[in-house]
Amino acid sequence: MSLVPFFFYLFSAVLIGAAFMVISARNPVHSVLFLILAFFNAAGLFVLLGAEFLAMILVVVYVGAVAVLFLFVVMMLDVDFAELRQGFLRYLPAGASLGLLVLVEMALVVGVWKIAPASLVNVSAPMPPGMTNTMALGHVLYTQYAYLFEAAGIILLTAMVGAIILTLRHKPGVRRQKIAVQNARTPAEAVEIRKVPNRQGI
């Protein structure tokens with residue numbers, strides 16, 4: 001048995017186990033840590049496929065930014081996870097039905113999947129000389145799939161704005177900056193002049 005199949009099965013097994021632990025861990029911090037482990041193993045699979053650019057992007061962007069951000073958000077926000085889990089059993093039948101429906105759809109897709117002959121020709125054709133893997137990926141991404149790439153960016157931006165709105169909490173009694181009120185202030189409202197007698201305080 002060569003090293004490539006061995007590492008493929010190793011990365012795949014750890015990836016599946018880490019992905020299962022992400023959704024089954026009780027502590028959300030542990031879920032994020034297992035998510036980072038899953039990202040690293042997915043990057044290993046990309047390296048075995050020869051897509052080193054995707055592997056580095058997965059490690060740098062998702063592990064270095066997204067997953068660490070999730071970890072800090074989970075640790076810093078005062079979220080009552082016990083309260084969030086109270087409605088789990090109530091929505092369990094609906095969630096299980098939806099999951100079963102998705103599983104059936106995926107089985108039907110895999111059952112009738114066929115690879116187009118043109119795709120096999122493109123896979124077997126080598127890359128043009130002088131073009132690296134990163135250059136080929138950028139050429140395809142920003143020419144054939146440019147609009148889909150921009151649409152994905154808009155969706156991610158919408159998700160980011162939604163996450164900020166959902167987690168933004170205004171606590172009572174906390175003074176906040178109001179730009180309009182500050183700009184509307186006059187010198188008479190902002191400055192108070194007092195005439196203090198000599199050798200006396202205010």
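Going residue by residue through the range 156-167, is there one that turns out to be in contact (Cβ under 8 Å) with a residue 12 or more places away in the chain, within 32 Å of the chain's Cα centre (by Cα), under 21 Å from M76 (Cβ atoms) and surrounded by 10 or more Cβ atoms within 10 Å (Cβ to Cβ)? Among the residues of the range 156-167, at least one is in contact (Cβ under 8 Å) with a residue 12 or more places away in the chain, within 32 Å of the chain's Cα centre (by Cα), under 21 Å from M76 (Cβ atoms) and surrounded by 10 or more Cβ atoms within 10 Å (Cβ to Cβ), which makes the answer yes.
Conditions (1) at pLDDT 85 or above; (2) open to solvent by 100 Å² or more (accessible area, probe 1.4 Å); (3) under 23 Å from the mean Cα position of the chain (by Cα); (4) not basic (K, R), marked per residue:
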| site | (1), (2), (3), (4) |
| --- | --- |
| D80 | no, no, yes, yes |
| Y91 | no, yes, no, yes |
| N122 | no, yes, no, yes |
| T132 | no, no, no, yes |
| G138 | no, no, yes, yes |
| A151 | yes, no, yes, yes |
| I154 | yes, yes, yes, yes |
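The values are calculated or read from the model by the stated rules, or taken from the named source; none is laboratory data. This is a predicted model, so every value here is computed, not measured. FYI the Cβ positions are ideal-geometry reconstructions off the backbone, even for glycines, and counts take in every protein chain you see. Please note that ligands, DNA and RNA were not included when accessible areas were found on the heavy atoms of the full protein model with its side chains. Shrake-Rupley method; radii C 1.70, N 1.55, O 1.52, S 1.80 Å.
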